[in-house]
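Asker: This is the structure, below, for whatever I ask next.
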Amino acid sequence: MPEKRAIEILLVEDDPTDVELTLHALRHDKLANTIHVARDGEQALDFLFCRGEFIQRDPEERPRLVLLDLKLPKIDGLEVLRLMKNDERTAAIPVVILTSSKQEVDMVSSYRLGVNSYIQKPVDFAAFRQTVRDLGYYWLVVNLPPPDTAFQAQESEVAVWPKSGTQ
């Protein structure tokens, strides 16, 4: 059984209404006990990389899931995603984009940067709650979190294959 981590979800969202709806959906269905909310991209990165106000946070206690909005103050969601996926300390953390944007350029950029899932926020409260419940259930109950070794540097990223006898 996977070990319990201190923070299960990092919710990166600047809209107070969306924060409350998301927290309500996750808590109502008892899917996450510990959720940290970052209100902008800079605060999310400070939390993830244990800097600024989070310098005392244990870097080994990574969130099991990041729910990330794209349109954020200070540093936008795509930049947060890029920095996460390019750093071995955070690259294996699953990231779900949860945004109102349906623009193809945002979807393409997100997937190219390594997002695990892209979900457009439903406008209807009941549909929003069901969507958050379903994604929370999948990522926190069904899906196995990455093992700690997924966050360690690899000695060699390139596999060497033996050459065949013919050229």
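Asker: Taking residue 126 as meeting all but one of (1) among the hydrophobic types (A, V, I, L, M, F, W, C); (2) in contact with a His (Cβ under 9 Å, 6 or more places away or on another chain); (3) surrounded by fewer than 20 Cβ atoms within 10 Å (Cβ to Cβ), write down the number of the exception.
Answerer: Here residue 126 clears every test but (2).
Asker: Of all residues in region 105-132, count the ones that are among the aliphatic types (A, V, I, L, M) and within 14 Å of residue 94 (Cβ to Cβ).
Answerer: Of the residues in region 105-132, 3 are among the aliphatic types (A, V, I, L, M) and within 14 Å of residue 94 (Cβ to Cβ).
Asker: Which of the following residues is buried (at least 18 other Cβ atoms within 10 Å of the Cβ) and farther than 25 Å from residue 133 by Cβ: 78, 26, 72?
Answerer: Sole residue among the options that is buried (at least 18 other Cβ atoms within 10 Å of the Cβ) and farther than 25 Å from residue 133 by Cβ: 78.
Asker: Check region 94-103 and report whether any residue there is more than 25 Å from residue 133 (Cβ to Cβ) and at pLDDT 90 or above.
Answerer: yes
Asker: Another one. Can you pull out the residues in region 14-40 that are assigned to a helix (DSSP H, G or I), farther than 19 Å from residue 76 by Cα and among the aliphatic types (A, V, I, L, M)?
Answerer: Selection gives 21, 23, 25, 26.
Asker: Tell me the residue from 35, 75 that is of a type in the set (A, V, I, L, M, F, W, C) and within 14 Å of the chain's Cα centre (by Cα), please. Explain how you work it out, then say what you get.
Answerer: Values: 75 fails: within 14 Å of the chain's Cα centre (by Cα).
Testing whether each residue is of a type in the set (A, V, I, L, M, F, W, C) and within 14 Å of the chain's Cα centre (by Cα) leaves just 35.
Here is a yes/no grid of residues against (1) among the basic types (Lys, Arg); (2) touching a Phe, Trp or Tyr at 6+ places or on another chain (Cβ under 6 Å); (3) over 14 Å from residue 114 (Cα atoms); (4) not in a loop (DSSP other than H, G, I, E, B):
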{"position": "42", "(1), (2), (3), (4)": "no, no, yes, yes"}
{"position": "59", "(1), (2), (3), (4)": "no, no, yes, no"}
{"position": "72", "(1), (2), (3), (4)": "no, no, yes, no"}
{"position": "80", "(1), (2), (3), (4)": "no, no, no, yes"}
{"position": "83", "(1), (2), (3), (4)": "no, no, no, yes"}
{"position": "90", "(1), (2), (3), (4)": "no, no, no, no"}
{"position": "98", "(1), (2), (3), (4)": "no, no, yes, yes"}
{"position": "102", "(1), (2), (3), (4)": "yes, no, yes, no"}
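Asker: Let me ask another. Any idea which of (1) under 19 Å from residue 23 (Cβ atoms); (2) of a type in the set (A, V, I, L, M); (3) surrounded by 13 or more Cβ atoms within 10 Å (Cβ to Cβ); (4) without any contact (Cβ under 8 Å) to a residue 60 or more places away in the chain is the one residue 84 doesn't satisfy?
Answerer: Residue 84 satisfies all of (1) under 19 Å from residue 23 (Cβ atoms); (2) of a type in the set (A, V, I, L, M); (3) surrounded by 13 or more Cβ atoms within 10 Å (Cβ to Cβ); (4) without any contact (Cβ under 8 Å) to a residue 60 or more places away in the chain except (1).
Asker: While we're looking at this one, here's another question. Identify, please: which residue in region 87-119 is of a type in the set (S, T, N, Q) and within 19 Å of residue 41 (Cα to Cα) and is, among those, surrounded by the fewest Cβ atoms within 10 Å (Cβ to Cβ)?
Answerer: 100
Asker: Part of a loop (DSSP other than H, G, I, E, B), over 15 Å from residue 11 (Cβ atoms), free of Cβ contacts under 8 Å to residues at least 40 places away in the same chain and over 12 Å from the mean Cα position of the chain (by Cα), is that true of residue 122?
Answerer: Numbers: part of a loop (DSSP other than H, G, I, E, B): yes; over 15 Å from residue 11 (Cβ atoms): yes; free of Cβ contacts under 8 Å to residues at least 40 places away in the same chain: yes; over 12 Å from the mean Cα position of the chain (by Cα): yes.
Yes: the conditions hold for residue 122.
Asker: Is there a residue being touching a residue at least 40 places away in the same chain (Cβ under 8 Å), surrounded by 15 or more Cβ atoms within 10 Å (Cβ to Cβ) and among the small types (Gly, Ala, Ser) anywhere in region 36-50?
Answerer: The initial filter retains those residues of region 36-50 that are touching a residue at least 40 places away in the same chain (Cβ under 8 Å), namely 48-49.
Filter once more, so that each one left must be surrounded by 15 or more Cβ atoms within 10 Å (Cβ to Cβ): 48-49.
Next, only the ones that are among the small types (Gly, Ala, Ser) stay: none.
No, region 36-50 has no match at all.
The values are calculated or read from the model by the stated rules, or taken from the named source; none is laboratory data. All values reported here derive from a predicted model rather than from experimental measurement. A quick note on method: Cβ atoms are made from the backbone with ideal geometry, for glycine too, and the neighbour counts reach across all protein chains shown.
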